[in-house]
Amino acid sequence: MIIDMPETTTTAVDKRLVRLRDEGGAVALGRVLTLIVVADADDVEMAVDAANDASREHPCRVIVLAAAGGPDDEPRLDAQIRVGGDAGASEVVILRTSGPLQDEPDSVVMPLLLPDAPIVVWWPREAPEVPSADRVGRMAQRRVTDSIMSADPEAMIRRLAQNYAEGDTDLAWARVTLWRGLLAAALEQPPYEPVTGVVVEGEKGHTSLDLLAAWLGARLHCPARIVHHEGAKAITKVTLERKAGTIVLDRPDGRIVTIRQTGAPDRRIALPIRKLDEALIEELRRLDPDEIFEEVLTKGLPLLDAGAQAETVSA
């Protein structure tokens, strides 16, 4: 069910939500959090689709904030409520603001927040310089960015590192979780030798490469290098160098990773590139600060950059 409410107020939107529940038009589920999405107008449907998928594991109220006009326009709020089959396991409220309302996003969303429920803010593309100082970001326990979707991904992830605060996270980190598990499992196999070097290969601008290389370099106390390949998609290969030989995780097709280790037979494991909704679902599983991500962002990335170990290889 989709209900359009042009030229309205947040108080009227809240009353309509209450009436929908009282009339039985929406299933009364226990909402575990409020997810605020601050999106560009062109990204609203993409963000709503991902949030709807995530809501099936994390029932929530989704509030989408999008600019509908310029800051000099007359103040206006157009709202749309989606419930039932159009909202996954959540209830979606899309708020399009014009004029001075764009300067007070926290005041716009405040009446629609679920009482006594955690708040998560997600910027699907560009994020504030300091997410924790943003007017909406200050309200949240978790602030989710997506550096890969920004105009300059590598600059954005380093800006986030400089301005990190507890509760910050980036979807590029969620996209390397399965890689981290496979690499940790591979290193638990004999021979138990220290790693002398790391090479992470893949797509330029895909900041998961930067985070994975920074994590490996910091954790294994060895030099890490990034190799960008033109035409590559996401992470394509990780090589761990040791005296007795190398461990190579190779995923050229973005679907199957082949693990090659000196003295052991090759193994093939399904490892498809993670979709946006899968990364968002993972980040919503924890609302406490991620200490490992903090270490990678604030310590591992500077070490990686200090080594200046990155190159681009033509296809």
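Of note:
- ³J(HN,Hα), Karplus 6.51/-1.76/1.60, whole Hz, each residue of region 238-251, x for Gly, Pro: 10, 10, 10, 9, 9, 4, 6, x, 10, 10, 10, 10, 10, 10
- Cα-centred dipole magnitude for region 170-315, charges only on beta-carbon of K, R (+1) and D, E (-1), debye, nearest 20: 520
- The chain - mean residue ellipticity at 222 nm from DSSP helices (-39,500 (n - 2.57) per run, n ≥ 4, rounded to 500): -8000 deg cm²/dmol
- Taking amide H as placed 1.01 Å from N in the peptide plane, the amide H of ASP170 sits under 5 Å from that of THR145, each at least 5 places away or on another chain.
- Cα-based shape type of region 159-315, given that a ≥ b ≥ c are square roots of the gyration tensor eigenvalues and the cut on a/c is 1.5: rounded
- Length-normalised contact order for the chain - Cα pairs under 8 Å, 6+ apart - percent: 15
- 3J(HN,Hα) from dihedral phi, region 57-68, Karplus parametrisation 6.51/-1.76/1.60, rounded to Hz, x for glycine, proline: 9, 10, x, 8, 9, 9, 10, 9, 9, 9, 6, 10
- Accessible carbon and sulfur surface of region 108-267 relative to its total accessible area, %, 1.4 Å: 53
- Charge dipole magnitude, Cβ of K and R +1, D and E -1 - region 74-219, Cα centre, debye nearest 20: 120
- Accessible surface, 1.4 Å probe, highest first, among residues GLU291, GLU283, GLU74: GLU74, GLU291, GLU283
- Helix 10-22 axis versus longest C-alpha principal axis of the chain: approximately 90°, rounded to the nearest ten.
- Between the alpha-carbon centres of region 157-202 and region 37-67 there is a gap of 27 Å.
- Against the chain, whose longest principal axis is taken from its Cα atoms, helix 208-220 shows a tilt of about 50°.
- GLU129 accessible area, 1.4 Å probe, all protein chains in place, Å² to nearest 10: 110
- Compared with the dominant Cα axis of the chain, that is its longest principal axis, helix 44-55 is turned about 80°.
- Treating each Cα of the chain as one equal point scatterer and applying the Debye formula with no solvent, the log10 of I(q)/I(0) at q = 0.07, 0.11, 0.14 Å⁻¹ comes out as -0.32, -0.72, -1.03.
- For ASP168, the accessible area of its heavy atoms, probed at 1.4 Å with every protein chain present, is near 10 square angstrom.
- Computed with a 1.4 Å probe over protein heavy atoms only, the accessible area of LEU287 comes to about 60 Å².
The values are calculated or read from the model by the stated rules, or taken from the named source; none is laboratory data. All of these numbers come straight from a predicted model, not from anything done at the bench. Counting neighbours? That spans all protein chains shown, and the Cβs are built from the backbone with ideal geometry, glycine included. Just so you know, the surface numbers come from the protein's heavy atoms only, side chains and all, with ligands and any DNA or RNA stripped out. Shrake-Rupley method; radii C 1.70, N 1.55, O 1.52, S 1.80 Å.
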